[in-house]
1. Convert each backbone phi in segment 228-245 into a coupling constant with the Karplus relation 6.51 cos²θ - 1.76 cosθ + 1.60 (shift: θ = phi - 60°), then list the ³J(HN,Hα) values in order as whole Hz, x for Gly and Pro.
2. So if each residue of separation counts as 0.36 nm, and I subtract the Cα-Cα distance between Val83 and Ser62, what length gain in nm does that give?
3. With springs connecting C-alpha atoms under 10 Å apart, model the chain as a Gaussian network and identify which of Ser235, Ser182, Ser141 has the largest mean-square fluctuation.
4. Past the 21 angstrom mark, what percentage of all C-alpha to C-alpha distances in segment 133-203 do you count?
5. Taking the chain as a Gaussian network, where each spring joins two C-alpha atoms under 10 Å apart, which residue of Glu153, Glu31, Glu208 fluctuates the most?
6. So how far apart, in nm, are the two label points at Phe25 and Arg114 if each is 7 Å from Cα heading toward Cβ?
7. Dipole of the chain, Cα-centred, from +1 at each Lys and Arg C-beta and -1 at each Asp and Glu C-beta, to the nearest 20 debye?
8. Please turn the phi angles of segment 25-30 into ³J(HN,Hα) values with the Karplus equation 6.51 cos²θ - 1.76 cosθ + 1.60 (θ = phi - 60°), one per residue in order, whole Hz, x for glycine and proline.
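Values quoted throughout were computed directly from the atomic coordinates according to the rules given, and no laboratory measurement underlies them. As the structure is a computational prediction, the values presented were derived from the model and not from experiment. As a convention, Cβ positions derive from the backbone with ideal geometry for all residues, glycine included, and neighbour counts pool all protein chains shown.
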Amino acid sequence: MAGHSKWANIKHRKERQDAKKGKIFTKWIRELTVAARQGGGDPGSNPRLRLALDKALGANMSRDIIDRAVARGAGAADTDDMVELSYEGYGPGGVAVMVECMTDNRNRTAAAVRHAFSKCGGNLGTDGSVAYLFERKGQISFAPGVDEDTLMEAAMEADADDVVTNEDGSIDVFTSFAGFYSVRNALEAADFKGTDAEIVMLPTTSAELDLDGAQKVLKLLDMLEDLDDVQNVYSNADIPEDVAAQLG
């Protein structure tokens, strides 16, 4: 198991996305509602709901708002029109982009996503056009100070795919999609409580960008993330450290 520099770009994007606090509550209310609709309102028997609950609490969402979202989903009231969609395309510099949405209006969402790609010099593709360049994985993050050797041993015993130590000393444990919850539970049982845990789309290849390309791609990603119906945006952009430093 070894670290890879491309994870730094993923974390950079995540930090930029998580900074959009004006949208974060809407995102998790939707996730709570859909998770409860699909798997029931008990987080003990619904792993997706449990993860959404943890995320909502981590975003300082009140229990009252959380409970209403879960009740709405579990009761299926007014949620039947909410669907999950994915869009794929290429941004400037040949960067592959995946966009995950929740919407009650497919036409509105498709038009908004297409407009963002077009305005930023990209192209919205067809289903499967870039999905093959990504793998759905679990990611469990730990703050600096965790004993790396002990965590790695516990992760290996839990059948994690990879353990990555970042430059700031934080550690990310990556899992298969199917094994995410079992690895997370095993690490918690071993007294390793992560600061964050989520399902992500990790690129299998990357597209390295210069300053101009990075600025254009980040503009596209930011525009997509600002759309009301967008839940997550992933790309295979690789921004070298010297370029990232110039971005500020």
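1. 4, 8, 8, 9, 9, 10, 10, 8, 9, 5, 10, 9, x, 4, 5, 6, 4, 5
2. Working: separation 21, 0.36 × 21 = 7.56 nm, distance 2.49 nm.
That works out to 5.1 nm of additional length.
3. Most flexible of the set in this elastic network: Ser182.
4. Numbers: 378 of 2485 pairs.
Result: 15 percent of Cα pairs exceed 21 Å.
5. Glu153
6. 3.4
7. Value, rounded to 20: 1100 debye.
8. 5, 4, 4, 7, 4, 5
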